[in-house]
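Written below as structure tokens is the structure these notes are about.
The values are calculated or read from the model by the stated rules, or taken from the named source; none is laboratory data. Computed from a predicted model, the values in this text were never measured in an experiment. Methodologically, a virtual Cβ is constructed for each residue, glycine included, from the backbone with ideal geometry; neighbour enumeration extends over all protein chains shown. Please note that ligands, DNA and RNA were not included when accessible areas were found on the heavy atoms of the full protein model with its side chains. Shrake-Rupley method; radii C 1.70, N 1.55, O 1.52, S 1.80 Å.
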Amino acid sequence: MTVKEEVGRAVLLELLPRLKRFCLALTGREHDADDLLQMTVERLLSKGAPADADLTKWSFRVCKNIWIDEVRARKVRSATSIDDAPEVNPVDGERTAVAHLSLNQVRSALKDLPEEQRMAISLVALEGFSYQEAAEIMGSPIGTVMSRLSRARAALAAVFDEAVPSH
Amino acid sequence: MSDDHKKGASIFDDDVLSTYLDGELAEADMLAVEKAVAADPAVRARLDRLRRVDAALGAALRLDTISTPDRVKDMLRAPASAGRANEDANSVPVRGGDVVRFPTFFRMRTALPMAAAASLALVAGYVAGLMQPSSPPAPGFAIAGVVNDAHPLFSALETTPSGETVAVKGAVGEIVRLLLTYRTNEGALCREFDIGDAERSLRSVACRGADAWEIKIAAAAGGITSAQAYETASAGDVSFIADYVDATMDGDPFDAEDEKAAIRAEWRLPEGE
């Protein structure tokens, strides 16, 4: 094993919660998110990353590609069971301080967004990637990321307006 | 991204406010929005409304509430036993040697249209190779990339639900696994699939024309091991196809119901259904 790889593993271990959160945003389900996370780490370990790549961005990109390639196909197959599955939530019932929405309401609104909007908003608003970085991860032009993000925020805002009685 | 196309838009629209929130407007535009926010409570309210979305998301997916499974953490902590076993599982891991395997491929992918053309040429040769052992390649598919109803692959594309694997009649020990159905930005119905055998395969996208499926793109993949298996081989090639699907797909892929409807309608769905 090389020193470089040692560093990669440590960085990945550190990165794991963020990657998992991205997996959650993509899949909408705890169980699928864990599977996607595992596949991402397996692929990163077996394939490595280009020497000049930023490992963080690279990892998100690999994760997104696996999701599109493999997990999504499986999700299509089991589409009927997805909505029936109980939501797994570590802090069920807790309400967000900000909007008085339940966590499940927020997650479910996120899940209802078109996939590419979900991806854009989680990369930028949650993970703090710049538009340029998100564009590289998604393989889309910056302008596209920008408009997906804006549409995602507008759609979520509309859902939240409805969910929160004004007071 | 300073941008001319922004100049025409009202600074009050969601696009601009959203981009402002991310600090991604050109400097002059950032200032203009700041002024508008200070001067106009309505603009401020709209900005706050968008800001609350981010806050709600952040709260619903707070990093300290995210749990990661031990099985994954262990893969990263214990290099010698992590991941898939290889021939040398007990000795020094060889993964380091793989690290530079696909950068060249990645660079190639950045020029998608050109690479796509190249890979289409590659399909012809590769598919011909797949079909060759005891019979000549089926005409049409190998050369022109068109699968008409005379081709064994045709009915697989027409009737197999995504996620299922079928044997292709008349070809040499081949199986086809359907992965995904989607509509393109241009309204065409397309399917992503693997064709090959356990040893090697081709991942490809075909779109339905008036009376045939046209192969749009393909790349070599590692083999179809079983209907349930996830390919971890050839990640580079396969993600290349994923990028293509991503770039051409309008909205989400079809769910099982939509796909059934498309199959029933023999792929003659009206646009925008």
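Within the option set A:VAL76, A:VAL98, being over 30 Å from A:LEU13 (Cβ atoms), modelled with pLDDT under 90 and in a helix (DSSP H, G or I) holds for one residue only, A:VAL76.
Of the residues that make up the stretch A:134-141, is at least one at the interface with chain B (Cβ under 8 Å from one of its Cβ atoms), modelled with pLDDT under 95 and more than 16 Å from B:GLY251 (Cα to Cα)? Looking through the stretch A:134-141, none of the residues is at the interface with chain B (Cβ under 8 Å from one of its Cβ atoms), modelled with pLDDT under 95 and more than 16 Å from B:GLY251 (Cα to Cα).
Against the criterion of being surrounded by 16 or more Cβ atoms within 10 Å (Cβ to Cβ), part of a loop (DSSP other than H, G, I, E, B), more than 12 Å from chain A (Cβ to nearest Cβ) and modelled with pLDDT of 80 or more, B:TRP213 does not qualify. Only residues that are assigned to a helix (DSSP H, G or I) and out of contact with any helix residue (DSSP H, G or I) (no Cβ under 6 Å at 6 or more places or on another chain) were counted in the stretch A:147-167, giving 6.
Mind checking whether some residue in the stretch B:241-263 is surrounded by fewer than 18 Cβ atoms within 10 Å (Cβ to Cβ), aliphatic (A, V, I, L, M), at pLDDT 85 or above and in a loop (DSSP other than H, G, I, E, B)? No, the conditions are met nowhere in the stretch B:241-263.
Scanning the stretch A:26-61 for residues that are more than 7 Å from every other protein chain (Cβ to nearest Cβ), farther than 16 Å from A:GLU136 by Cα and either open to solvent by 10 Å² or more (accessible area, probe 1.4 Å) or among the small types (Gly, Ala, Ser) (or both) turns up A:GLY28, A:ARG29, A:GLU30, A:HIS31, A:ASP32, A:ALA33, A:ASP35, A:LEU44.
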